[in-house]
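Presented below is the structure to which this report refers.
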Ligand SMILES: C[S@@+](CC[C@H](N)C(=O)[O-])C[C@H]1O[C@@H](n2cnc3c(N)ncnc32)[C@H](O)[C@@H]1O
């Protein structure tokens, strides 16, 4: 398990992942339904936040969800049990060395994971190996360069930029969304289709003000506070003002924009 995974494995991060998945469920999953009886591999399932929606939307598919973190898998198992979901099994696995035969799954789902891997090309090659010919891969990623908000204070921009820099320092790619097309194409997938999924928030969408601006985005930025301060990217006072600035976008006169990328392709 990578000790330097940018978001870490805290209880606070587990809550954030669940909030994020619930808030974005219809935006990201409304068109994902796998055929009855098909076998699905969910790669990098974390605490099972996306697994719930995946399993509910395809109740007769057989889902195998893997992650490199055993504690995350334990949380995922109890979440799925609590929800009464029966069509998912969990296994610990590293995406780079999947313990499955070639072509053993019909379809693949991977969400918010490639951005955390130092070699996403190699990861896609590894994932492709276990998909059958004619099967599909669905990839969802963010792109932290696609974020803007109002009001736009200088400190809020700096705090947001810290998130990007901290992730880059770990040799990962926080701007990966825009690269999904070339990544999938270079890995040899066919009929690659990329679909941007925009989140735009203002006061008329109170559930997104809470669920997206505060519980997903600001919680994510807050999660890298220590790394940003320790690496000298920002001073404490400026950080605090930055977080305050981000909260202003959640006020009645504020607005927020972010773009996710959903990719689908065939082997
Ligand atoms: C941001 S979380 C996303 C979790 C989940 N897909 C979601 O959207 O809620 C990224 C996950 O990728 C997992 N991960 C990172 N590197 C991995 C690898 N090489 N193999 C398997 N899982 C990995 C991490 O342990 C973490 O649970």
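Need at least 1 residues that are out of contact with any strand residue (DSSP E or B) (no Cβ under 6 Å at 6 or more places or on another chain) and more than 25 Å from residue 23 (Cβ to Cβ) per element, so show me which helices (runs of 4 or more DSSP H) inside segment 218-267 make the cut, counting only ones lying wholly within it.
The helices (runs of 4 or more DSSP H) meeting that bar are 225-230, 236-248.
For segment 66-76, the criterion of being more than 13 Å from the ligand (Cβ to nearest atom) and in contact with a strand residue (DSSP E or B) (Cβ under 7 Å, 6 or more places away or on another chain) is met by no residue. Among the residues of segment 241-255, those that are loosely packed, with under 15 Cβ neighbours inside 10 Å and either modelled with pLDDT under 95 or more than 14 Å from residue 220 (Cα to Cα) (or both) comprise 244, 251, 252, 253.
Confirm whether residue 28 is near the ligand (Cβ under 10 Å from one of its atoms), modelled with pLDDT of 95 or more, crowded, with 16+ Cβ neighbours inside 10 Å and assigned to a helix (DSSP H, G or I). Considered against the rule, which asks whether it is near the ligand (Cβ under 10 Å from one of its atoms), modelled with pLDDT of 95 or more, crowded, with 16+ Cβ neighbours inside 10 Å and assigned to a helix (DSSP H, G or I), residue 28 comes out as yes.
Give segment 101-120 a look and list any residue that's more than 13 Å from the ligand (Cβ to nearest atom) and either in contact with a helix residue (DSSP H, G or I) (Cβ under 6 Å, 6 or more places away or on another chain) or more than 19 Å from residue 265 (Cβ to Cβ) (or both), or say none.
101, 102, listed by residue number.
Of the residues that make up segment 78-90, is at least one within 12 Å of the ligand (Cβ to nearest atom), touching a strand residue (DSSP E or B) at 6+ places or on another chain (Cβ under 6 Å) and part of a helix (DSSP H, G or I)? No: segment 78-90 contains no residue that is within 12 Å of the ligand (Cβ to nearest atom), touching a strand residue (DSSP E or B) at 6+ places or on another chain (Cβ under 6 Å) and part of a helix (DSSP H, G or I).
Selection over segment 33-62 of residues that are part of a loop (DSSP other than H, G, I, E, B), farther than 19 Å from residue 94 by Cα and out of contact with any helix residue (DSSP H, G or I) (no Cβ under 6 Å at 6 or more places or on another chain) gives a count of 9.
The values are calculated or read from the model by the stated rules, or taken from the named source; none is laboratory data. Model, not experiment: these values are computed from the prediction. All Cβ positions, even for glycine, are placed from backbone atoms using ideal geometry, and neighbour counts span all protein chains on display.
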